[in-house]
1. Out of (1) within 16 Å of the ligand (Cβ to nearest atom); (2) touching a residue at least 60 places away in the same chain (Cβ under 8 Å); (3) of a type in the set (Asp, Glu), what's the single condition that is false for Asp105?
2. Check Asp105, Asp129 and return the single one that is within 24 Å of Asn39 (Cβ to Cβ) and among the charged types (D, E, K, R).
3. Any chance you could count how many residues in segment 143-168 are aliphatic (A, V, I, L, M), in contact (Cβ under 8 Å) with a residue 40 or more places away in the chain, crowded, with 18+ Cβ neighbours inside 10 Å and under 22 Å from Gln126 (Cα atoms)?
4. Within segment 190-207, is even one residue assigned to a loop (DSSP other than H, G, I, E, B), within 17 Å of Ala87 (Cβ to Cβ) and open to solvent by 30 Å² or more (accessible area, probe 1.4 Å)?
5. Would you mind stating whether Phe99 is within 23 Å of Ala195 (Cβ to Cβ) and within 17 Å of the chain's Cα centre (by Cα)?
6. Looking only at helices (runs of 4 or more DSSP H) that lie completely in segment 46-132, which have at least 3 residues being of a type in the set (D, E, K, R)?
7. Checking Thr56 against (1) farther than 15 Å from Ala87 by Cβ; (2) within 15 Å of the ligand (Cβ to nearest atom), only one condition comes out false. Which one?
8. Going residue by residue through segment 71-93, is there one that turns out to be open to solvent by 30 Å² or more (accessible area, probe 1.4 Å), within 12 Å of the ligand (Cβ to nearest atom), within 23 Å of His177 (Cβ to Cβ) and among the charged types (D, E, K, R)?
Amino acid sequence: MAKLKVGVLISGRGSNMAALIAATKAADYPAEIAVVVSNVADAAGLKTAQEAGIATAAIPHKGFPDRESFDRAVSAELEKHGVGLVALAGFLRIQSPWFPAHWQDRIVNIHPSLLPAFPGLHVQQQAIDAGARISGCTVHFVTAELDSGPIIAQAAVPVLPGDTADTLAARILRQEHRLYPMVVRWFAEGRLSVAGAQVTVAGVPKGATLLFSAEP
Ligand code: GRF
């Protein structure tokens, strides 16, 4: 069967993108990365993708008069590559409402907190400052509202005494790299359905949408 073509949007290091690339190397993985697009021309992740033989495009947002015209250019690039799923992976650009509407139910994001707690930026520090004992990451469908949208799966990790934003971020990131490829697989296998805020994943064991890791 033809593999689902995924377009990954990045702005920086691209470790989640790299985790997706690694997952696609398995012969039975039902998706492939068709193109990686960055709004930052020198994003390190672009080089990683090129070294893996994946098509890349740098589309600096500064060249556009407004958000929507940038979003339309990104979309055209994705469509040129036959993309059926857009995966935001550290894409640090707020999108116009047009983009998630255009890709509705075909666009996902990974966020380094247990949403709806701690949307926005510096979220590991937010979790520490709030005294949270648990945090993690969330993969969700993208809607016009930032870091909201139906939750598909989450991975939870402890917040440990003495954690800094960096140590917590590293613990969460290890789980991001497990969670994102798992969700993209489910999407590609046609298992996901959305009704309002509820996402169901057909044919997976109960509880499969929540990973735990107690690793320090
Ligand atoms: C990750 O923590 C992701 O959850 C967030 O931005 C970070 C991107 O890291 N949205 P990377 O570029 O995938 O390494």
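1. Looking at each condition in turn, Asp105 falls short on (1).
2. Asp105
3. Result for segment 143-168: 5.
4. yes
5. yes
6. Numbers: elements: 67-80, 98-102, 123-129.
Per the criteria, 67-80.
7. (1)
8. yes
The values are calculated or read from the model by the stated rules, or taken from the named source; none is laboratory data. These numbers come from a predicted model, not from an experiment. Using ideal geometry, Cβ is built from the backbone for each residue, glycine included, and neighbour counts are taken over all protein chains shown. The accessibility values were calculated without ligands, DNA or RNA, using every heavy atom of the protein model including side chains. Shrake-Rupley method; radii C 1.70, N 1.55, O 1.52, S 1.80 Å.
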